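> My structure is below; once you've seen it, I'll send some questions.
The values are calculated or read from the model by the stated rules, or taken from the named source; none is laboratory data. The model shown is predicted, which means the values in this text are computed figures rather than measured ones. Cβ: placed from backbone, ideal geometry, glycine included. Neighbour counts: every protein chain shown. Protein only, heavy atoms only, side chains kept; ligands, DNA and RNA dropped before computing areas. Shrake-Rupley method; radii C 1.70, N 1.55, O 1.52, S 1.80 Å.
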Amino acid sequence: MTLLSQTKRSNHTLLALDTSGPTLYMGIYEKTDTAPVTLGERQVTSDSQRYHSAILMDELGELLKAAGKTLNEIDDLAIHNGPGSFTGIRTGLISARTFGQFLPITPYAINAFELILYACSSILFPAQALQVAIDARRGRIYYASGKFEQGAFAWQQSPCLLPIEALSPDYPVIASQSLLAAITDVLKDKPLAEKNRKGTEFSWEKNRHSHKLLSIEALYEKTPPSRLMAMMLLSACQQKFHPPSCSWQTLLPLYLEEPNITLPKKNPVILPVADF
């Protein structure tokens, strides 16, 4: 596995896409020695008439035009591979695999847990274990816990599907906005571990909106996921740790569950008998 792809151009350009949720995030960034320089960003929230699959290429064309770039000038592509909307993730990955197969672009898959742990461990909770909870509906969460430290992810629990009651009161939670009230109700009566009881007056009920419980949407409002992915890949290049993927053949979704659909029963087809 290699780090960011090598190019003869002096300016190294990255395209980042997140199609996993109701808001489509995309951005074009230029690599520097310190931080990615934003050449252009777009955020589009889909409604019932405008799915990501219908608007992605048009929005990408507008973004490239605003940034003064073409697809042939993009060196690397960071793609959010889930969990989230099945259709949205599939739309993003199909585009990334196509670009990686037919253009001189190196794609990288980054999932939501890696992105959130990287952002929060680097900025808000350095060297501290965190829990990430993404709304999976019906009282369930897409869950992972751990921290990002010294260029590596240290997982306490790798990504999985759990009931919301599985959350621990001992570590901060970064969660979907729709889960905040339910998480408070679940954790307010859970006792802290013995090692965390002494010298603490923390209460989940009193600190519902404290630094111990943050929404993913608030994190993304401050720094959109496309920019976070650019920051993560630049950090990978500087610290010499490996990004999650670097070939279009290995771009796979992180669904964590099967699609909740029922296939229709096929009725037998009866062909008319010709009259002779």
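> Which numbered condition trips up Asp189, out of (1) acidic (Asp, Glu); (2) closer than 23 Å to Arg138 by Cβ; (3) modelled with pLDDT of 80 or more?
All conditions are met except number (3).
> Still on this structure: I'm trying to understand the selection: among the residues of the range 113-144, which are among the hydroxyl-bearing types (Ser, Thr, Tyr) and closer than 17 Å to Asp18 by Cβ?
Correct list: Tyr118, Tyr142.
> Cβ-Cβ under 7 Å, sequence separation 6+ or interchain: first residue in the range 125-142 and within 20 Å of Glu217 (Cβ to Cβ), partner among the acidic types (Asp, Glu). Which pairs?
That search, which allows pairs on different chains as well, returns Ile141/Asp135.
> Follow-up question, since we're still on this one. Restricting attention to the range 19-44, report how many residues are farther than 16 Å from Thr223 by Cα, open to solvent by 30 Å² or more (accessible area, probe 1.4 Å) and under 16 Å from the mean Cα position of the chain (by Cα).
Residues in the range 19-44 being farther than 16 Å from Thr223 by Cα, open to solvent by 30 Å² or more (accessible area, probe 1.4 Å) and under 16 Å from the mean Cα position of the chain (by Cα): 1 in total.
> Report yes if Leu60 is in contact with a Phe, Trp or Tyr (Cβ under 9 Å, 6 or more places away or on another chain) and at pLDDT 95 or above, otherwise no.
It is false that Leu60 is in contact with a Phe, Trp or Tyr (Cβ under 9 Å, 6 or more places away or on another chain) and at pLDDT 95 or above.
> Taking the range 12-38, which residues are in a strand (DSSP E or B) and charged (D, E, K, R)?
The answer is Asp18, Glu30.
> Would it be correct to say that Tyr171 is closer than 18 Å to Gly21 by Cα and in contact (Cβ under 8 Å) with a residue 24 or more places away in the chain?
no
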